[in-house]
Every structure is written in structure tokens, then in C-alpha cells.
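**Q** First, the structure itself, so that you have it in front of you.
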Amino acid sequence: MPMRNALSLDDLNLFYFIAEERGISGASRRFGISKAKLSRALTRLEERAGTPLFDRVTGGLRLTAAGQLLEPIARRLTQTSSDAEEALRSVTGEPSGTLRIAASALSGQLLIGPVVADMHSRYPRVAVSVTVSALGPDPLSEDLDVVLRLGRPLEPYLIARKIVASSLALYASKAVADDLKGTQSDDRINAQRIVIGVPGVPSDWILHDAHGTAHQFVGAPKSIVGDPSVALGIITSGQGVSFLPDIFAQPLERSGALVRVRPDLIGPDVEIFACFPPKRASVPAVRVFIDMLAEFAGKRAASDR
């Protein structure tokens, strides 16, 4: 009697991705896998099982009884596969493999980009994948090696290394900054606020003058944006004032695209952290990238002082 072909581990991984997102379209978006590939894997597994693994319901897919039996097995296999890949990456002395990073668009452009370019030159066996997200996704749930965040992470299971600290200050276009000069500028700035609504950046702006007097800019903002790059786009186009880290804003100030508003006021510091799961600390590509990033950011911050 001929033996049946073994189940494909790839098909089980793809089944798990579909189960995680309760749909093929969601799994395709999250994991970057084509819907056709996901559908073919599901079809093969359902043919092998001789029964559906999902019920088609409003809003997506729901595991059938057979699917519920298979899901924890597929989850364990997917985790085992990820652990095996990580183990192979960690035993190699020279950095190699795929390095998966997430950062905001602005951090990606001004910090990540130059470091990745340097890595390509120095470590050609490392392939880099960068996900743009200002919300600081969980590297464990998203299978990421390093996530760049503003502020120390709250998750106790993550390792966090401070990359750089930078003061927050008020910035606007030259035209707006000139218009805001005057004795009533605090109130007028308050009406021009472009708030960056991401973790690590305060929505209420509190700065201090040389005498220690607090100046507060609070209340309903003119706009709330989900990424610092959007705030930059608004203020460089001549509208509003934003509270930005100097490490991002000062290069634009030097170019004339931005002007610091109320330079007599001192804002709080914001810290940028590289966050990663403990197991990633032993991966050569991760270690090298974080060291290079900290060195680059430190030099950049020093040049801005």
C-alpha cells in the first residue's frame, strides 16, 4: 500500500496565518503573502482532511471542529520553525539572514536608512526588511527583530536599549514663526498645535523658561497625526506648530525649512529605544545593527548641539 505524502509544513504555517487573522485577505495583508498562495495551501489541507477547516461567515472565516483541532498544532509548528531559523541565525559568527525592523517613517528616513545603507556595504549577507509604523508594534507578535520606539517599552518581556535622547521643542515654518512673535504668543501657539498622536510624544506640551516658569500648550489641537512625518509635512507647508525632537527637526532648521518657535522655552527630553525579544539579542545581525544605530544616532545628536 503506497504511503501518503507527508503534510507540508509550509501549508500548515499558512493555515496558521489564516487562522490568526480569521481570513485570507487579512493574512495576506499582515504577512505579505499572496491570497492565491494562501488559498492553494488551504485547499490542499482541506482536501487532505476531507472536510472544511473553516466556515465562511460574515466578516471572515471561523474554524470548524477539524480546524480547531489542527490550529494549536500548526501554531506550535510555526513557532518551532521560527525558533529553528533564529537558532541558525545566532550560531553564525558573521551577520547574515533577514533583519526585520519596524520604525516610524521619520525614524526610518533619518536614522534607519543611513545605518541600513552602511550595513549593506559592510555586511552584504544581511537582507533588511523595514516596516513603517509609528505605533511601535510588539516585535514578538509581529515576528520582528527590532522595533524603534519613542519612550521605554512597557512590556516586561522585551529588552530595550536606549539609542539616543533628544529634547522636544516647538517648530514651525518661517512665515508662521514670524507671525507668532509677540507678547501673546503662548495663546496663539495653543491655537496652532499639530499634535503627534503616538506613544512617547506628549499631547499636552509643557515647556519651561529660564526662570523655571512652566508654559503649557493644551486643549483641542488644530490637527492630530499618527506619524511625525505627517506633522513635518503640515508645518513645512506653512500651517501650524508641532512639538518635535531636535534630532529630527534641527537638520530642517539648518536648511531653512523650519524655525524653532519660542527658543527661550526648554522642552522635556524624549528617548528613542530599540526594543527586541530576548532571543534576538544573540543574533549577530541584530547586535551589529543596534550598535551601528546607537553610534550613528549619538554622532547625529552631538552634531546638533
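The values are calculated or read from the model by the stated rules, or taken from the named source; none is laboratory data. Keep in mind that what you see is a predicted model, and the values were worked out from it rather than measured. Cβ: placed from backbone, ideal geometry, glycine included. Neighbour counts: every protein chain shown. Just the protein is used for accessible areas: all its heavy atoms, side chains included, with ligands, DNA and RNA removed. Shrake-Rupley method; radii C 1.70, N 1.55, O 1.52, S 1.80 Å.
**Q** Return yes or no: is Ser121 at pLDDT 90 or above, of a type in the set (Gly, Ala, Ser) and either open to solvent by 20 Å² or more (accessible area, probe 1.4 Å) or touching an Asp or Glu at 6+ places or on another chain (Cβ under 8 Å) (or both)? Even if it seems obvious, please write down each step before you answer.
**A** Values: at pLDDT 90 or above: yes; of a type in the set (Gly, Ala, Ser): yes; either open to solvent by 20 Å² or more (accessible area, probe 1.4 Å) or touching an Asp or Glu at 6+ places or on another chain (Cβ under 8 Å) (or both): yes.
Criteria met by Ser121.
**Q** Taking the options Asp246, Asp209, Asp227, Asp204, name whichever one is among the charged types (D, E, K, R) and over 26 Å from Ala103 (Cβ atoms).
**A** Criteria check complete, one pass: Asp209.
**Q** Among the residues in segment 206-217, are any assigned to a loop (DSSP other than H, G, I, E, B) and of a type in the set (Val, Ile, Thr)? Spell out how you get there, then give the answer.
**A** Keep residues of segment 206-217 that are assigned to a loop (DSSP other than H, G, I, E, B), which gives 209-213.
Narrowing further to those that are of a type in the set (Val, Ile, Thr): 213.
Yes, segment 206-217 has at least one match.
**Q** Among the residues of segment 237-255, write down those that are farther than 18 Å from His215 by Cβ and part of a helix (DSSP H, G or I). I'd like the intermediate steps shown before the answer.
**A** Here is the first cut: in segment 237-255, the residues farther than 18 Å from His215 by Cβ are 237-239, 245, 247-255.
Ile247, Phe248, Ala249, Gln250, Pro251, Leu252, Glu253, Arg254, Ser255 - these are the residues of segment 237-255 that are farther than 18 Å from His215 by Cβ and part of a helix (DSSP H, G or I).
**Q** Something else about it: Restricting attention to segment 47-67, which residues are of a type outside the set (A, V, I, L, M, F, W, C) and either open to solvent by less than 40 Å² (accessible area, probe 1.4 Å) or over 18 Å from Asn13 (Cβ atoms) (or both)?
**A** Within segment 47-67, Gly50, Thr51, Pro52, Asp55, Arg56, Thr58, Gly59, Gly60, Arg62, Thr64, Gly67 qualify.
**Q** Among the residues of segment 152-160, are any of a type in the set (Lys, Arg), part of a strand (DSSP E or B) and either modelled with pLDDT of 80 or more or open to solvent by less than 20 Å² (accessible area, probe 1.4 Å) (or both)? Even if it seems obvious, please write down each step before you answer.
**A** Initial filter on segment 152-160 (of a type in the set (Lys, Arg)): 152.
Within this subset, residues satisfying the condition of being part of a strand (DSSP E or B) are none.
There is no residue in segment 152-160 that is of a type in the set (Lys, Arg), part of a strand (DSSP E or B) and either modelled with pLDDT of 80 or more or open to solvent by less than 20 Å² (accessible area, probe 1.4 Å) (or both).
**Q** Can you find a residue that is more than 30 Å from Glu94 (Cβ to Cβ) and not in a strand (DSSP E or B) anywhere in segment 276-284? Spell out how you get there, then give the answer.
**A** Kept after step one, since they are more than 30 Å from Glu94 (Cβ to Cβ), are these residues of segment 276-284: none.
No, segment 276-284 contains no residue that is more than 30 Å from Glu94 (Cβ to Cβ) and not in a strand (DSSP E or B).
Conditions tested, residue by residue: (1) on the phi < 0 side of the Ramachandran plot; (2) open to solvent by less than 20 Å² (accessible area, probe 1.4 Å).
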| residue | (1), (2) |
| --- | --- |
| Gln216 | yes, no |
| Leu232 | yes, yes |
| Ile235 | yes, yes |
| Gly240 | no, yes |
| Glu253 | yes, no |
| Cys275 | yes, yes |
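**Q** Considering only segment 132-148, how many residues are assigned to a strand (DSSP E or B) and modelled with pLDDT of 90 or more?
**A** So in segment 132-148, the residues assigned to a strand (DSSP E or B) come out as 132, 146-148.
Filter again for modelled with pLDDT of 90 or more, leaving 146-148.
Count: 3.
**Q** Continuing with the same structure: Considering only segment 6-23, state which residues are surrounded by fewer than 18 Cβ atoms within 10 Å (Cβ to Cβ) and touching a Phe, Trp or Tyr at 6+ places or on another chain (Cβ under 7 Å).
**A** Of everything in segment 6-23, nothing turns out to be surrounded by fewer than 18 Cβ atoms within 10 Å (Cβ to Cβ) and touching a Phe, Trp or Tyr at 6+ places or on another chain (Cβ under 7 Å).
**Q** Any idea how many residues of segment 277-305 are basic (Lys, Arg) and surrounded by 22 or more Cβ atoms within 10 Å (Cβ to Cβ)?
**A** Taking segment 277-305 first, the residues basic (Lys, Arg) are 279-280, 287, 299-300, 305.
Next cut, surrounded by 22 or more Cβ atoms within 10 Å (Cβ to Cβ) only: 280.
Within segment 277-305, residues that are basic (Lys, Arg) and surrounded by 22 or more Cβ atoms within 10 Å (Cβ to Cβ) number 1.
**Q** Output the residues belonging to segment 220-254 that are of a type in the set (Gly, Ala, Ser) and out of contact with any helix residue (DSSP H, G or I) (no Cβ under 6 Å at 6 or more places or on another chain). Can you show your working first?
**A** Going residue by residue through segment 220-254, those that are of a type in the set (Gly, Ala, Ser) are 220, 223, 226, 229, 231, 233, 237-238, 240, 242, 249.
Across segment 220-254, the qualifying residues are Ala220, Ser223, Gly226, Ala231, Gly233, Ser237, Ala249.
This table checks each residue for (1) without any contact (Cβ under 8 Å) to a residue 40 or more places away in the chain; (2) farther than 28 Å from Gln250 by Cα; (3) open to solvent by 30 Å² or more (accessible area, probe 1.4 Å).
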| residue | (1), (2), (3) |
| --- | --- |
| Leu99 | no, yes, no |
| Ala102 | no, no, no |
| Val115 | no, no, no |
| Asp138 | yes, yes, yes |
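**Q** Ile224: at pLDDT 90 or above and assigned to a strand (DSSP E or B), yes or no?
**A** On the way: at pLDDT 90 or above: yes; assigned to a strand (DSSP E or B): yes.
Considered against the rule, which asks whether it is at pLDDT 90 or above and assigned to a strand (DSSP E or B), Ile224 comes out as yes.
**Q** Still on this structure: For segment 151-165, does any single residue satisfy the condition of being without any contact (Cβ under 8 Å) to a residue 24 or more places away in the chain, hydrophobic (A, V, I, L, M, F, W, C) and more than 19 Å from Leu293 (Cβ to Cβ)?
**A** There is at least one residue in segment 151-165 that is without any contact (Cβ under 8 Å) to a residue 24 or more places away in the chain, hydrophobic (A, V, I, L, M, F, W, C) and more than 19 Å from Leu293 (Cβ to Cβ).
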